[in-house]
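Below is one structure, written out as structure tokens; comments come after it.
A short reminder: the numbers here are calculations on the coordinates, not readings from a lab. The structure presented is a predicted model; accordingly, all values stated were derived computationally and were not measured. Because the Cβ atoms are built from the backbone with ideal geometry, glycine has one as well, and the counts that use them run over all protein chains shown.
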């Protein structure tokens with residue numbers, strides 16, 4: 001639901017050139033697939049739409065559009081609370097889990113096959129599950145704490161292998177790297193380019209906490 005809603009919002013009022021009946025059918029089929037595949041299917045949809053929509057013809061708009069459809073802000077941006085719930089803090093976009101944010105105590109006995117699959121904080125930047133605790137990474141172009149020192153090839157390799165920078169520690173849930181990593185190099189390059197166009201924010205995101213160290 002979140003991705004269909006986001007897609008509707010992005011296209012509201014936009015002028016899309018006439019597509020063939022087969023293209024329309026394919027786009028509809030991508031939209032109605034189940035939520036568990038939505039990261040991948042929405043990105044597949046982008047591949048066919050970003051060239052047809054006049055409002056996103058520039059490279060920068062394509063990059064921003066791809067990033068928003070991927071749901072990057074959902075986990076990688078700290079939130080501010082509103083009457084409608086948490087929304088991305090526009091002053092800290094894609095800066096990852098705040099280094100100074102103290103997590104509440106981890107409840108015991110709530111994670112399991114017949115229990116909850118995961119818990120998250122109000123900003124959706126920290127996740128607690130069978131893998132331990134994972135933190136959304138800083139995607140801003142800060143060269144020390146973000147991806148400012150990353151190359152495009154390292155970024156693409158990370159999403160293809162599920163390894164940090166393509167060769168490091170495993171990328172943990174809920175990051176949907178298998179689906180996003182199935183995109184072609186051009187689309188992944190567009191996703192990589194957008195956060196690098198934002199202001200760098202120095203924020204050293206904590207390393208993951210393994211289950212054995214959770215108190």
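Just to be sure I understand the model, the point goes 7 Å from the Cα along the line to the Cβ. What's the resulting residue 207 to residue 120 distance in nm? Rounded to a tenth, the inter-label distance reads 2.5 nm. At an R0 of 30 angstrom, the distance between the Cβ atoms of residue 151 and residue 99 translates into a FRET efficiency of 0.75. Counted residue by residue at 0.36 nm each, then reduced by the alpha carbon distance between them, the extension gain from residue 91 to residue 144 reaches 17.2 nm.
Taking 7 Å steps out from each Cα toward its Cβ at residue 197 and residue 215 produces label points 4.5 nm apart.
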